Amino acid sequence: MNPTNAVTTTEVTRRDTVMGEPVLTARDVSIEYEVDPPVKAVRGASITLHRGEILGLAGESGCGKTTLAYGLNRLLKAPALMTGGEVVFHDASGADIDVVALDGESLRRFRWDKVSMVFQGSMNSLNPVMNVRKQLADVFLTHRPKMKRAERDARCAELLTLVGVDPARLSSFPHELSGGMRQRVMIAMALALDPQVMIMDEPTTALDVVVQRGIIREIMRLRERLGFAVIFITHDLPLLIEISDRIAVMLEGEIIEQGASEQIYRNPEHPYTRRLLSSFPSLRGERGDFIRTGAAAGGAA
Amino acid sequence: MSGHDRAGEPTTLEARNLVKDFRLRSGVNVRTLHAVKDVSFTLEPGRTIALVGESGSGKSTIARMMAKLETPSSGEILLDGRQSATRGRGLARYRRDVQMVFQDPFSSLNPFHPIRHHLERPLRIHHPGLSSRQVRERADELLERVRLSPAATFADRRPHELSGGQRQRVAIARALAPGARFIIADEPVSMLDVSIRLGVLNLLADLQRQENLGVLYITHDLATARHFSDEILVMYRGEIVERGPSERVILDPQHEYTKTLLEAAADPDRLGRLRDEVRNGG
């Protein structure tokens with residue numbers, strides 16, 4: 001499915017914010033942490049992710065964005081519990097998969113194959129005593145047990161090339177790689193089974209801006225090539241506006257505003273969205289809300 | 001006006017040709033890492049210098065040298081035009097004037113002690129003449145000044161009972177407690193939630209104006225560097241590759257590296273451009 005050929009809906013104004021059909025629909029998802037007193041981490045969140053689209057999920061720490069992402073991928077573990085709502089994955093084959101109903105073997109088959117995830121701080125989640133080859137091959141050993149060894153090795157090398165890492169690095173251990181390279185390896189791992197959806201939870205937050213830029217560009221390039229959809233989670237609203245097609249803003253477990261990035265940027269409706277936007281002083285524009293009172297007075301030395 | 005006291009003596013904190021080398025050992029091999037190469041700048045009262053660069057560029061090493069947590073390999077740090085002490089009573093005096101605000105308010109406060117302790121201790125150390133009551137009053141006053149009021153409700157809490165932003169306010173109050181004239185702020189807001197970052201920076205700017213503080217603001221965020229400082233120094237691999245008035249550096253960068261940094265910063269005005277670029281074979 002090529003996202004660029006999809007139908008343009010009426011509300012879309014830009015040529016390139018074309019949307020395909022939905023690939024993941026979540027309706028009224030509520031997630032609770034069963035502690036005392038219970039914490040309602042996600043309340044009635046509904047999102048629709050379209051094929052090939054980048055959906056930005058913005059919000060501050062504690063707003064429930066990671067919990068929601070875990071819920072979509074059925075990764076919640078006690079005390080977190082999905083108390084309501086439905087998550088449906090619309091497979092490329094045409095079949096609809098009820099994600100909430102999956103268990104055991106069917107769940108294992110679903111995860112990573114259809115929806116993969118790049119975890120928060122994932123560059124530190126590589127196993128330090130296994131080389132990259134072994135960790136990448138692990139995915140195939142589990143999900144494609146019939147794959148031949150040579151085939152597996154070739155695919156691992158191909159994956160690294162895809163994310164811009166020299167395949168010679170397959171024999172490297174994580175500590176021999178820079179943070180940016182480790183992050184790329186994690187993305188390669190998430191790409192391994194050619195998923196239709198990738199959930200990226202703060203994939204670049206711990207990285208330097210220049211490295212971050214390289215990785216974002218890589219993600220965008222891969223999306224054009226492979227056509228997967230992305231749920232991109234971060235608190236960095238300017239970045240989201242720059243790269244995503246649509247944005248959902250979360251506050252205290254609820255999605256308070258959802259719309260095309262341009263609309264969120266130019267005409268934010270919810271006061272919280274406006275506040276979040278004004279938290280980022282403009283790099284090149286006017287000073288805006290941020291008035292540094294001390295500047296002029298002490299200026300002349 | 002600023003920059004000199006009444007007697008015409010300079011009231012500045014100056015870094016002159018600072019160099020820091022680290023010896024790295026891996027097995028029998030020893031190699032030298034030049035973390036900071038010949039860096040000079042002068043902090044003046046009421047003015048802010050922003051030090052920007054990627055991690056590993058040496059900006060935190062500079063902060064640590066200025067706070068005397070690290071000894072320079074060569075070069076000197078001059079306070080009010082005089083060579084600053086490296087030990088003993090001279091160092092204590094230096095620390096009264098130059099204080100640091102650390103990046104992570106979750107680890108810079110001792111979880112065992114109440115907030116009051118964090119403010120009273122520097123007061124006692126640097127002003128041994130104060131009575132217990134005066135120390136208490138000053139601590140309360142400091143809390144009010146960083147807008148943690150009423151002070152009484154915060155003073156007896158422990159760090160874990162405060163939010164990140166509140167903790168960083170405590171860290172700022174702690175830095176002010178000895179009566180500091182210069183503040184070294186090493187990424188003071190990067191660990192905080194985005195919606196409270198500007199509040200903390202504005203607070204710092206307010207205090208700076210009231211106290212005529214000289215601030216060294218270390219950050220990787222170019223946007224706040226532009227709005228919060230008078231001068232920007234761009235560091236790359238231990239060297240200052242560009243320096244100048246903040247507006248000029250951001251709006252009209254000269255050095256290639258500054259341009260790369262600016263190019264990499266997220267800019268909502270470029271919405272959709274990256275997508276078009278990669279689509280057209282970038």
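No lab work stands behind these numbers, since they all come straight from the coordinates. Since the model is a prediction, treat every value here as computed from it, not as a measurement. Backbone-built Cβ (ideal geometry, glycine too); neighbour counts: all protein chains shown.
Worth a mention:
- Per-residue packing, averaged as other Cβ atoms within 10 Å, sorts the ranges B:94-103, A:233-242 into the order A:233-242, B:94-103, beginning with the highest.
- Helical segments meeting 15 Å axial Cα length and Kyte-Doolittle 0.0 threshold in chain A (DSSP H): A:132-143, A:179-191, A:209-226
- All lysines inside 25 Å of B:Lys259 as judged from Cα atoms, apart from same-chain residues fewer than 8 positions distant: B:Lys37, B:Lys59
- q = 0.16 Å⁻¹, chain B: log10 I(q)/I(0) [Debye, one scatterer per Cα]: -1.31
- Temperature 20 °C, viscosity 1.002 mPa s: under these conditions the Stokes-Einstein estimate for region B:224-282, based on its Kirkwood radius over C-alpha pairs, is 166 µm² per second.
- Relative intensity, log₁₀ I(q)/I(0), of region A:122-172 from a Debye sum that treats every alpha carbon as a point, q = 0.29, 0.30 Å⁻¹: -1.21, -1.23
- Expected-Rg normalisation [2.2 N^0.38 Å, Cα atoms] applied to region B:104-241: 1.09
- Shielding value for B:189-195 is 4, the average number of Cβ atoms from other chains within 10 Å of each residue's Cβ.
- Per-residue average of Cβ from other chains inside 10 Å of A:55-63: 2
- The protein assembly as shown, helix-only ellipticity at 222 nm - DSSP H runs n ≥ 4, -39,500 (n - 2.57), divided by all residues, nearest 500: -10000 deg cm²/dmol
- Modelled FRET efficiency - R0 41 Å, B:Thr71 with A:Met130, Cβ distances, 0.05 increments: 0.55
- Protection proxy ranking, highest mean first, for peptides A:86-97, B:194-205: B:194-205, A:86-97, where packing is the per-residue count of other beta-carbon atoms within 10 Å, averaged.
- Volume of the Cα convex hull of region B:1-104, divided per residue and given in Å³: 132
- Once the convex hull of all Cα atoms in chain A is built, its volume per residue stands at 182 Å³.
- Computed Kirkwood radius, in angstrom, where 1/r is averaged over Cα pairs of region B:178-282: 15.7
- Percentage, to the nearest whole number, of Cα pairs in region A:172-289 over 22 Å apart: 42
- The label-point distance for A:Thr142 and A:Ala154, in a model that sets each label 7 Å from Cα toward Cβ, rounds to 2.5 nm.
- Annotation: peptides B:82-92, B:166-176, A:109-119, ranked by per-residue average of other Cβ atoms within 10 Å with the highest first, follow the order B:166-176, A:109-119, B:82-92.
- For region A:83-157: rounded, prolate or oblate by the Cα gyration tensor [a/c cutoff 1.5]: oblate
- Lys-Lys pairs in region A:59-206 that are eight or more residues apart or on separate chains and whose Cα atoms lie under 30 Å of each other come to 9.
- Shown here: region A:51-201, whose C-alpha atoms stretch 47, 37, 30 Å along the first, second and third principal axes, sorted largest to smallest.
- Remark: mean inter-chain Cβ contacts per residue of A:273-285 equal 5, using a 10 Å Cβ-Cβ cutoff to other protein chain atoms.
- Cα pair distances exceeding 21 angstrom across region A:201-269, given as percent: 29
- Stokes-Einstein translational diffusion, the protein assembly as shown - Kirkwood Rh over all Cα pairs, 0.890 mPa s, 25 °C, in µm²/s: 94
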